[in-house]
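So that we are looking at the same thing, I have put the structure below in structure tokens.
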């Protein structure tokens with residue numbers, strides 16, 4: 001079992017952007033601490049790839065303005081978003097985490113799809 005388990009749910013936001021050449025998506029993240037120690041999310045790294053293969057990297061401290069501490073057995077939830085130039089794309093990345101004893105590690109976020117409903121078969 002991994003120390004930190006990350007789950008993602010996505011949603012297309014149809015009416016979010018007036019510019020019809022852009023596609024807005026929300027993603028809800030749950031970060032579950034399966035380890036024995038409290039951990040803190042220090043930094044995030046995202047690789048966003050649109051349907052044309054254009055890659056965008058996003059990195060920085062914390063998520064949604066927070067660097068949450070997650071106790072053993074607890075879960076932290078947040079929602080954020082991404083805007084693509086295409087109706088289909090992917091995201092993947094990792095969180096840089098730190099245990100209360102100072103040990104740092106990366107918690108991987110597996111690749112997930114962002115897609116307008118009924119665009120993919």
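Any read-out appearing in this document is the output of simple, stated calculations on the displayed coordinates, not a laboratory observation. As the structure is a prediction and not an experimental result, all values here were calculated from the model. For neighbour counting, all protein chains shown are included, and Cβ atoms are generated from backbone atoms with ideal geometry for every residue, glycine included.
Here is a list of conditions, (1) closer than 15 Å to residue 5 by Cα; (2) assigned to a strand (DSSP E or B); (3) in contact (Cβ under 8 Å) with a residue 24 or more places away in the chain, and residue 35 meets all of them except one; can you say which number that is?
(2)
Quick check on this structure: which one of 78, 27, 12 is in contact with a strand residue (DSSP E or B) (Cβ under 9 Å, 6 or more places away or on another chain) and free of Cβ contacts under 8 Å to residues at least 60 places away in the same chain?
78
Go through the stretch 64-121 and give me each residue that's in a loop (DSSP other than H, G, I, E, B) and exposed (fewer than 12 other Cβ atoms within 10 Å of the Cβ).
Selection gives 64, 65, 73, 101, 102, 103, 117, 118, 120, 121.
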